[in-house]
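Okay, structure first, notes after.
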Amino acid sequence: MNKVKLLTLGASLIGAAVTASAQTTLFNFDDVTSTSYYQISQGSPATYDGLVWYAPDNDIGIVNPLGFYNISSLSQVAGRAGYGYANGKVSGPNVMDIGDGSSVSAISGQIFDFTSGYFAPAWNDDVTITLNGYNNGNLIDTTSFTLNSESPTLETLNWTGLTEVVFNNNAATPFISVDNLTFNLNAVPEPATLALGAAGGAVVLLFRRKK
């Protein structure tokens, strides 16, 4: 095998390993077919899209704002109670909701990264949400920010090395709308992926020795 082919093979193996280890998942909740409200869980853990979701004090649901209000256009939502569901929608047609004064956990048995998400209160303005990132029960990241029901707030986190993210709704009454959460659910390469990258590195090293 000539040097060019050898180097190309090594680069391809390393590239394949990087691709395999980076499995970015966008949670836009639009894969659920619902005309109004779809319940993920109620007081017990439930698996959705590769993560275990759990809200000990409330249910976890996916809201379709158009069906929820029985309207044909989001412009008809203005002024209604809960119109933040519609304004908080980034991609259509659904959002996830976090109940008043409750917390929602997203848990994985493997290390993952949490990149970003969009948040809006369903009713009132100036609602504060707190996000906590844990690794096997140890708090490693936390942030709080204030939401406005007129438009979704994009929060870019870039948290790494997590096994759990907890979304805490600090408000006494309004629900919080959540959309387009971005996770990397395979942040630590599996053994096969590590072997693939190692093979690529060995090929490149062999090429350098032959130079």
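Key figures for this structure:
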item: Selected residue (criterion: surrounded by the most Cβ atoms within 10 Å (Cβ to Cβ)) from residues of the stretch 20-43 that are in contact with a Leu (Cβ under 6 Å, 6 or more places away or on another chain) and modelled with pLDDT of 90 or more; result: Phe27
item: Flag for Leu131 being of a type in the set (A, V, I, L, M) and loosely packed, with under 15 Cβ neighbours inside 10 Å; result: no
item: Residue in the stretch 158-170 that is surrounded by fewer than 17 Cβ atoms within 10 Å (Cβ to Cβ), in the same structural domain as Leu131 (by TED's automatic domain parsing) and modelled with pLDDT under 95 present; result: yes
item: Unique residue being at pLDDT 55 or above and surrounded by 12 or more Cβ atoms within 10 Å (Cβ to Cβ) when the list is Ala17, Ala46, Ala11; result: Ala46
item: Those residues of the stretch 82-102 which are at pLDDT 90 or above and surrounded by fewer than 24 Cβ atoms within 10 Å (Cβ to Cβ), in sequence order; result: Val90
item: Residue list for the stretch 109-128, filter: in a strand (DSSP E or B) and either at pLDDT 95 or above or of a type in the set (Phe, Trp, Tyr) (or both); result: Ile111, Phe112, Asp113, Phe114, Thr115, Ser116, Gly117, Tyr118, Phe119
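The values are calculated or read from the model by the stated rules, or taken from the named source; none is laboratory data. On a predicted model such as this, the values are computed, not experimentally measured, just so you know. As a convention, Cβ positions derive from the backbone with ideal geometry for all residues, glycine included, and neighbour counts pool all protein chains shown.
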